[in-house]
Amino acid sequence: MSLESILNDAKQAILDIDEDKAVEVARQAIAEGIDPVKVLADGFSVGIRTIGDLFSRGEIFMPELILSAQAMKAAVAVLDESLVGEAAEKIGKMIFATVEGDVHDIGKGIAIALIQTQGVEVIDLGRDVPVDKIIEEAETHGAKVIGTSALLTTTMPNQEKLEIELRKRGLREKYKTIIGGAPCTQRWADKIGADAYAEDAAEGVNKVLELMKH
Amino acid sequence: MSEFFTRMGDGSGIYMTAAEIREDILKGVKEAADHGKIPDLTQEEMDYLFDIITMPGNIVGVERGREVVSTSDSGSCKMTYHANIAMERSMAVMVSEKVLGADSIDIGNMDYSYKAVKQIVHNETPVMELAQLNAVIPVLYGSMPNLGLYTKPDGPVENWSELLPLAKIDEACAAQEEAVEHAVRDMVFVAGEMYEAGADGINLDTCGASGDADFLAGLLATEKIKEKYPDLGVEIGAAGEFVLGMHGKLEYDGTRIAGLYPHKQVKLTEKAGANIFGAVVNTNTNKTFPWNIARTVTFVKACVEAAEIPVHVNVGMGVGGISMSEIPPIDVVTRADKALIEIGKADGL
């Protein structure tokens, strides 16, 4: 089977929410000696990004989003088996929290579901999480990336507080930070000194993977 | 090249050229038309929208004779928590009517959910009675279905936000369906108490905030309220430009609720028996005001054309083209209002 066919099948398996097919395609790719990273990046990930786009347009819904993420996860598990050493360097841990004072976590949940499918271990601290707790957990788990979500203009300053606290404690260079949530913008990220901003879950996946490389 | 002052969706001020504004208007219109599968605005309408955005003066207004009525959600609380003026709610109703010129208003509790309100409804009805004794304008009672409050540990139902990530889809859907029954019961109960207290209407605000089951609860509650209290007005306010599918398969009158845009939301609202539909289009903080208002007007125009009941567009922080900022800037608010009324043909705000 050609590379193009494998990539297309990988994408289609996710779009069809067909976990068995996704696993079969992943195994076939390995059997044919195709680079697993390429299958992931140009096949399965294309599918999951399309799913994310359809979700944001109201054309597919949460159950489909979750099940497609499950299919992706199963395929990634197969591909992971063939990635030795190299994969371990690419995948890291991430802390994710909705900041203190904010109880919104639907968007965070979606983002986590998608990010996990890419082999990133996400430690979800839940909602209404104080900055001290976020830093403490990042230290405990040896995270590379800290992600915070805020859905209220009144809670956004806690994202800035995280940046300030990290600097105060001499930990700022140890972590990459990413922010998201409806009122957040790239300008806000620039203003507070966050490393990245993601407008939605699909963009969050790409940004987190990029941050993991550093 | 001359530039015009406008704003981003987060309220920050920017300057744009005429060409940039026109480009963003077109992109906003196309985005709405593509997502909602609805018609574009006409070139004439886009030209007029450009005129509204670039009009001199901080404040703009509708042409004489084009004025519309206003309703509000939790209006009687807002002077307290936005302006920091401690004011009893029935007094806030009077100020809204006699000082601010409100056409109608709702009384809501700070715990703005029917589940929370049912337990203190005996404290809420005297506020309504007092307001009704003093006000001339229609006074409604408002709250949210807020289906999430029915999940454990706050409520009796399993938490679908925990079940879904575990791919326990059937269990998550069953939990949502069960929560609908609880929410409908609470909304009908509070509506009945408020009817007895003299309320002119009930506002089921932000229906769909917890997804399609939340929207369904609003529709089913409306049916029952209208059956029991036919002369009690019902306003259904939406939560977003499309209904989020947390369940995905729920239907009302044979129509799947998830993914419906305002022009289809309003048809279900009508079928349920509501008197007013509060259309919502969310503001994108990363886009400009011209993009956001063009997109909003496109959705609203299609909604009003489809509607047989009045459409009162939500124009507050983060919706209706208004920026997502603590104090919505007056330049943006008045331009959004004018555009929604004169181009979108909104019946009210």
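The values are calculated or read from the model by the stated rules, or taken from the named source; none is laboratory data. The model shown is predicted, which means the values in this text are computed figures rather than measured ones. Reconstructed Cβ throughout: ideal geometry from the backbone, glycine too, with neighbour counts over all protein chains shown. Side chains are part of the model used for accessible areas, which takes the heavy atoms of the whole protein and leaves out ligands, DNA and RNA. Shrake-Rupley method; radii C 1.70, N 1.55, O 1.52, S 1.80 Å.
In table form, for the structure just shown:
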| read-out | value |
| --- | --- |
| Matching option when the condition is away from every other protein chain (no Cβ under 14 Å), crowded, with 24+ Cβ neighbours inside 10 Å and at pLDDT 85 or above, among A:Ala71, A:Ala75 | A:Ala75 |
| Check on B:Glu305, out of contact with any helix residue (DSSP H, G or I) (no Cβ under 9 Å at 6 or more places or on another chain) and either in contact (Cβ under 8 Å) with a residue 24 or more places away in the chain or assigned to a helix (DSSP H, G or I) (or both) | no |
| Cβ pairs under 6 Å, 6+ apart, first in the stretch B:132-157 and within 21 Å of B:Asp212 (Cβ to Cβ), second outside any loop (DSSP other than H, G, I, E, B) and among the acidic types (Asp, Glu) | B:Met144/B:Asp205; B:Pro145/B:Asp214; B:Leu147/B:Asp214; B:Val157/B:Glu178 |
| B:Val297 being aliphatic (A, V, I, L, M), within 13 Å of the chain's Cα centre (by Cα) and surrounded by 24 or more Cβ atoms within 10 Å (Cβ to Cβ) | no |
| Neighbours by Cβ (under 7 Å, 6+ apart or cross-chain): first from the stretch A:2-19, at positive phi; second assigned to a helix (DSSP H, G or I) | A:Ile17/A:Glu64; A:Ile17/A:Leu67; A:Ile17/A:Ser68; A:Ile17/A:Ala71 |
| Residue list for the stretch B:248-271, filter: more than 10 Å from chain A (Cβ to nearest Cβ), in contact with a Lys or Arg (Cβ under 9 Å, 6 or more places away or on another chain) and open to solvent by 40 Å² or more (accessible area, probe 1.4 Å) | B:Asp253, B:Thr255 |
| Any hit, the stretch A:29-40, residues being within 14 Å of chain B (Cβ to nearest Cβ) and modelled with pLDDT of 85 or more | no |
| Output for the stretch B:235-256, where each listed residue is among the small types (Gly, Ala, Ser) and either part of a loop (DSSP other than H, G, I, E, B) or in contact with a His (Cβ under 7 Å, 6 or more places away or on another chain) (or both) | B:Ala239, B:Gly240, B:Gly245, B:Gly248, B:Gly254 |
| Residues being closer than 19 Å to B:Met79 by Cα, open to solvent by less than 30 Å² (accessible area, probe 1.4 Å) and modelled with pLDDT of 95 or more - total across the stretch B:323-332 | 1 |
| Every pair of residues 6+ apart whose Cβ atoms lie under 6 Å, when the first sits in the stretch A:136-159 and is away from every other protein chain (no Cβ under 14 Å) while the second is of a type in the set (D, E, K, R) and part of a loop (DSSP other than H, G, I, E, B) | A:Asn158/A:Glu100 |
| Criterion (touching a His at 6+ places or on another chain (Cβ under 8 Å), more than 30 Å from B:Gly318 (Cα to Cα) and at pLDDT 95 or above) met by exactly one of B:Pro126, B:Pro156 | B:Pro156 |
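Results for (1) away from chain A (no Cβ under 14 Å); (2) among the small types (Gly, Ala, Ser); (3) crowded, with 23+ Cβ neighbours inside 10 Å, shown as yes or no for each residue.
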| residue | (1), (2), (3) |
| --- | --- |
| B:Ile202 | yes, no, yes |
| B:Asp205 | yes, no, yes |
| B:Gly208 | no, yes, yes |
| B:Phe215 | no, no, yes |
| B:Glu227 | yes, no, no |
| B:Pro230 | yes, no, no |
| B:Glu241 | no, no, yes |
| B:Met246 | no, no, yes |
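Each row is one residue, and each column tells you yes or no for (1) in contact with a His (Cβ under 7 Å, 6 or more places away or on another chain); (2) within 14 Å of chain A (Cβ to nearest Cβ); (3) surrounded by fewer than 18 Cβ atoms within 10 Å (Cβ to Cβ); (4) in a helix (DSSP H, G or I).
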| position | (1), (2), (3), (4) |
| --- | --- |
| B:Asp10 | no, yes, no, no |
| B:Lys27 | no, no, yes, yes |
| B:Ala32 | no, yes, no, yes |
| B:Tyr48 | no, no, yes, yes |
